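First the structure, in the form of structure tokens, and then the observations on it.
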Amino acid sequence: MHKQKNTAFGSAATAQLRKEHSDEPSFKNLGLDVPILKVLDRLKFHTPTPIQTQAIPDGLKGEDIIGVAQTGTGKTLAFGLPIVQRLIRHGGRGLILLPTRELALQVEEVMHKVAGSFGIRTAIIIGGASMSHQLRDLRKNPHVIIGTPGRIIQHIEEKTIPLSDVSVLVLDEADRMLDMGFAPQIKKILHVIPKDRQTMLFSATMPSEIVKIATEHMKTPTHVEVARQGTTAELVDQEIYIVTRNQKRHLLETLLKQYEGTVLVFSRTKYGAKKICRDVNRMGHKAAEIHSNRSLGQRKEALEGFKRGKYRVLIATDIAARGIDVNDIALVLNYDVPEYAEDYVHRIGRTARAGKAGRAITFIMPSQSDKLRKIEHLIETKLPQTILPEGLPEPEREAPKAQRVRSGTRTTYRANRRGHRR
Ligand code: AMP
């Protein structure tokens with residue numbers, strides 16, 4: 001396994017200058033055909049990112065690849081460019097599996113930009129979208145199918161998806177797909193597509209189930225890695241606040257005044273996201289929410305609005321946030337500490353993208369010290385605690401666990417009455 005230090009890749013103009021005056025990596029040395037280099041030039045991608053430098057040459061040779069890379073490292077082109085070159089030269093079909101609709105939409109956007117000028121057609125097959133549109137797109141015989149495992153299985157069952165000639169498979173954000181319970185669907189898809197194919201697997205973390213998939217379904221893969229497993233984006237300034245539940249909203253208000261720029265707020269639940277969104281709008285900031293209770297159209301509108309500056313604040317749950325590709329998120333704010341330590345890495349990977357600096361703030365309640373310990377253990381860093389600003393409400397004592405009260409046929413949950421309110 002060879003490691004390479006992750007470096008910032010700066011603006012296109014400085015990158016070009018640096019390239020001319022040093023022996024910095026260049027797309028030209030990776031084995032890409034001239035027409036693809038021209039497209040990259042047109043898209044103003046001049047210097048490959050470390051994961052691209054490492055993965056593209058072997059990817060172009062048709063080798064299997066395991067990439068340990070966080071979001072924001074440029075991994076889409078790391079697998080996307082080898083797919084495009086392969087399809088141009090040899091035909092066949094690409095299948096890209098990923099965990100969420102948003103990620104699918106964004107990967108398709110990148111693939112379309114690069115592959116579109118070569119007549120390579122893409123199709124997005126995701127849950128929540130119109131089945132008839134997907135059938136129409138599939139009938140056009142797309143060269144690259146990008147989708148979430150659940151909906152792809154649906155098409156397999158209805159025999160409406162052409163997978164018998166898949167020559168290259170990508171499992172993107174594989175750890176998240178497993179977290180979301182997609183393992184059975186992935187196994188089923190792996191059995192349907194040809195064994196003689198190239199497989200590229202990308203994941204921010206490398207739990208043992210992924211190693212197992214790789215051992216069983218990949219051919220001695222090349223291992224590429226841009227940051228140690230569990231490490232956080234180098235450029236993110238991280239801090240925590242220890243707060244009680246009743247102080248969170250006020251602290252959020254203070255921080256939104258204190259910091260400039262776009263803010264991505266994480267909520268543990270979709271109901272929480274809705275409430276935070278309402279609160280933030282009342283605070284006078286334009287905010288939108290993105291979670292599984294929103295329709296695909298609403299999620300797209302929120303994301304587009306956030307990208308274009310219509311909304312300054314986007315409130316998201318972990319699942320919905322996967323694949324959010326916005327380069328200028330100034331602050332990631334964990335309103336609720338993530339349920340799983342790995343999600344911390346994914347969340348803060350949303351800021352400090354494309355070599356820019358970023359900040360991540362996490363609210364931790366006194367009873368959540370175990371979660372904090374797990375995060376610190378994973379990232380091998382002690383997160384600095386910032387003193388609470390003045391003017392917040394007095395900390396309330398944390399309520400004991402809710403008690404279940406049965407009355408007649410209805411079961412209600414009520415806080416234990418010992419002078420606490422939740
Ligand atoms: P990804 O990790 O693939 O989601 O990419 C993160 C961001 O980096 C996206 O906005 C890409 O457009 C951008 N990006 C990818 N590769 C490069 C590159 N070689 N130079 C500059 N930006 C890039």
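The values are calculated or read from the model by the stated rules, or taken from the named source; none is laboratory data. Bear in mind that the values here come from a model prediction, so they are computed numbers and not experimental data. In this analysis, Cβ positions are derived from the backbone assuming ideal geometry, glycine residues included, and neighbour counts consider all displayed protein chains.
Yes or no: Ile88 at negative phi and near the ligand (Cβ under 9 Å from one of its atoms)?
The answer is no for Ile88.
Has segment 244-257 got at least one residue that is over 19 Å from Ala55 (Cα atoms), in a helix (DSSP H, G or I) and not assigned by TED's automatic domain parsing to the domain that holds Gly309?
Scanning segment 244-257, I find no residue that is over 19 Å from Ala55 (Cα atoms), in a helix (DSSP H, G or I) and not assigned by TED's automatic domain parsing to the domain that holds Gly309, so the answer is no.
Look through segment 361-417, keep the residues that are in a strand (DSSP E or B) and modelled with pLDDT of 90 or more, and return whichever of them is nearest to Asp343 (Cα to Cα).
Filtering first and then ranking leaves Thr362.
Just the residues that are assigned to a helix (DSSP H, G or I), within 13 Å of the ligand (Cβ to nearest atom) and not basic (Lys, Arg), please, taken from segment 66-82.
Thr76, Leu77, Ala78, Phe79, Gly80, Leu81
Among what's in segment 307-355 and is of a type in the set (Lys, Arg) and within 13 Å of the ligand (Cβ to nearest atom), pick the residue that is modelled with the highest pLDDT.
Lys307
Answer yes or no as to whether Glu304 is part of a loop (DSSP other than H, G, I, E, B), among the acidic types (Asp, Glu) and at pLDDT 85 or above.
No: the conditions fail for Glu304.
When residues of segment 83-105 are filtered for being surrounded by fewer than 16 Cβ atoms within 10 Å (Cβ to Cβ) and within 16 Å of Ile153 (Cβ to Cβ), how many remain?
So the answer is 0.
Identify the residue in segment 36-63 that is near the ligand (Cβ under 8 Å from one of its atoms) and polar (S, T, N, Q) and, among all such residues, is surrounded by the most Cβ atoms within 10 Å (Cβ to Cβ).
By that ranking, first place goes to Gln52.
Could you go through segment 89-104 and let me know if any residue there is closer than 25 Å to Ala214 by Cα, under 15 Å from the mean Cα position of the chain (by Cα), β-branched (Val, Ile, Thr) and modelled with pLDDT of 95 or more.
Looking for residues that are closer than 25 Å to Ala214 by Cα, under 15 Å from the mean Cα position of the chain (by Cα), β-branched (Val, Ile, Thr) and modelled with pLDDT of 95 or more, one finds at least one in segment 89-104, hence yes.
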